[in-house]
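Engineer: Pasting in a structure now, in structure tokens, and then I'll have a few things to ask.
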Amino acid sequence: MRKSVACFTGVMVIGCLLAGGIARADDDRSSACRDLPSHAALRAQLEAARAQPNGGFNLDMWATVVNRDGIVCAVAFTGNNRGDQWPGSRVISAQKANTANAFSLPGLALSTANLYTATQPGGSLFGLQASNPVSTDVAYGGDPASNGQANDPMVGGRIGGVNVFGGGLALYNPSGKIVGAVGVSGDSSCADHNIAWRTRHTLNLDFVPGGVSGDASRPDNIVYDITSQGGQMPGLSAGGFGHPHCVNPAAETDIAKKLPPNE
């Protein structure tokens, strides 16, 4: 809420102008994120998703939500403090959110997991990871004590970055409109995808119009179709959008098939 204050000459005028500028920035930030979950909502659903079997190492997680312009709207973690989950995963979660938003469209959702194969050497999107650099000022500015809180220093900034393994999903509201994306990081990339998926589902932002997974009820799901090829470390994806297994192939495949269908 913007407060009316009296302004006087000299230093007081400068202070008033600065205060007014801050108020306008806060108002703009609120408007930019009005269609997206709050910090409290994101954390609650992230915690619920992390508590389910996800096929990883059962680690605490980071999550970031960006709007359609790539502006960070919320950052949260599941642990008791910011050191309970990998510190580096905070920015990775923001990269994943930015990537899913940047490479999804009103009629086509691409998860970060879907981008893995095409960005490997020789792939049609090789080099994509270097195309949209992270803003280091946004990523590492501010007081680290606020990381993961409602006032996380990334909030309100355009983070940038491209990440091409599991954990980033575009967000579509009940009208089918793309409104941004969520990124999750902190465990294996396969578990990250599962946790992001469940978080999006319980936030009611999974009205996905279409994708490349081959599963009409889960259009942007992770695809495990990479088979080993002699002399090729990544292997070969039958459909071109495959992601490698992480920890337990059988469990990961089973979990992916049973993730909640999109709305």
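Engineer: Return the FRET efficiency for the residue pair Ala145, Ala216: r is the Cβ-Cβ distance, R0 is 41 Å, and the value is rounded to the nearest 0.05.
Structural biologist: Working: r = 45 Å, r/R0 = 1.11.
After rounding, the FRET efficiency stands at 0.35.
Engineer: Moving on to the next point. With a cut-off of 8 Å between alpha carbons and a minimum separation of six or more residues, what is the relative contact order of the chain in percent?
Structural biologist: On the way: 591 pairs, mean separation 57.6, N = 263.
That works out to 22 percent.
Engineer: Let me ask something additional. Compute the normalised compactness of region 24-141: alpha-carbon radius of gyration over 2.2 N^0.38 Å, N being the residue count. Walk me through the numbers on the way to the answer.
Structural biologist: Numbers: Rg = 15.5 Å, N = 118, 2.2 N^0.38 = 13.5 Å.
Working it through for region 24-141, the quotient is 1.15.
Engineer: Roughly how many percent of the accessible protein surface of region 125-225 is carbon and sulfur, given a 1.4 Å probe and a whole-percent answer? The partial results should precede the final answer.
Structural biologist: On the way: 1840 of 3530 Å².
Using a 1.4 Å probe with all protein chains present, region 125-225 comes out at 52 percent carbon and sulfur.
Engineer: Which longest uninterrupted range of the chain lacks any trypsin sites (Lys or Arg not before Pro) assigned by DSSP to a loop state (not H, G, I, E or B) and surrounded by at most 14 other Cβ atoms within 10 Å? Write down the numbers at each step before the final one.
Structural biologist: Numbers: sites that count: Arg2, Lys3, Arg34, Lys177.
Within the chain, the longest run free of exposed trypsin sites (Lys or Arg not before Pro) spans 35-176.
Engineer: Please identify, among Ala76, Ala118, Ala251, the residue showing maximal mean-square fluctuation in a Gaussian network model of the chain using a 10 angstrom Cα cutoff.
Structural biologist: Sorting by GNM fluctuation, first place goes to Ala251.
Engineer: Compute the long axis of helix 249-258 from its Cα atoms, compare it with the longest principal axis of the Cα atoms of the chain, and write down the angle in degrees, 0 to 90, nearest 10.
Structural biologist: For helix 249-258, the angle is close to 60 degrees.
Engineer: Rank-order 201-211, 185-195 by packing density, defined as the average count of other C-beta atoms within 10 Å over each peptide's residues, highest first. Present the calculation step by step, with values, prior to reporting the outcome.
Structural biologist: Details: 201-211: 19.6, 185-195: 28.7.
Result, highest mean first: 185-195, 201-211.
Engineer: Dipole of the chain, Cα-centred, from +1 at each Lys and Arg C-beta and -1 at each Asp and Glu C-beta, to the nearest 20 debye?
Structural biologist: Values: 18 positive and 20 negative charges, 90 e Å.
Using only the charged Cβ atoms, the result is roughly 440 debye.
Engineer: In the set (1) 28, 22, 19; (2) 36, 18, 18; (3) 39, 27, 18, which value of semi-axes √(5λ) of the Cα gyration tensor in Å was calculated from the structure you see?
Structural biologist: The listed entry that was calculated here is (2).
Engineer: Right, another one. Hey, what do the phi angles of region 70-79 turn into as Karplus ³J(HN,Hα) couplings, whole Hz, using 6.51/-1.76/1.60 and θ = phi - 60°, x for Gly and Pro?
Structural biologist: Running phi through 6.51 cos²θ - 1.76 cosθ + 1.60 with θ = phi - 60° gives x, 7, 5, 10, 7, 9, 8, 9, 9, x Hz.
Engineer: Just to check I understand the Karplus step: with θ = phi - 60° and J = 6.51 cos²θ - 1.76 cosθ + 1.60, what whole-Hz values come out for region 98-110, glycine and proline as x?
Structural biologist: Result, ordered by residue: 4, 5, 4, 5, 5, 10, 10, 10, x, x, 8, 9, 10 Hz.
Engineer: What angle do you read, to the nearest 10 degrees and between 0 and 90, between the alpha-carbon axis of helix 11-32 and the longest principal axis of the chain?
Structural biologist: Between the helix axis and the principal axis of the chain, the angle is about 30 degrees.
Engineer: So, for the chain, what is the accessible surface per residue at a probe of 1.4 Å, expressed in square angstrom? Display every interim value, and only then the final one.
Structural biologist: Values: 12180 Å² over 263 residues.
The answer is 46 Å² per residue.
The values are calculated or read from the model by the stated rules, or taken from the named source; none is laboratory data. Note that the coordinates shown come from a computational prediction; the quantities given were computed from them, not determined experimentally. A quick note on method: Cβ atoms are made from the backbone with ideal geometry, for glycine too, and the neighbour counts reach across all protein chains shown. Side chains are part of the model used for accessible areas, which takes the heavy atoms of the whole protein and leaves out ligands, DNA and RNA. Shrake-Rupley method; radii C 1.70, N 1.55, O 1.52, S 1.80 Å.
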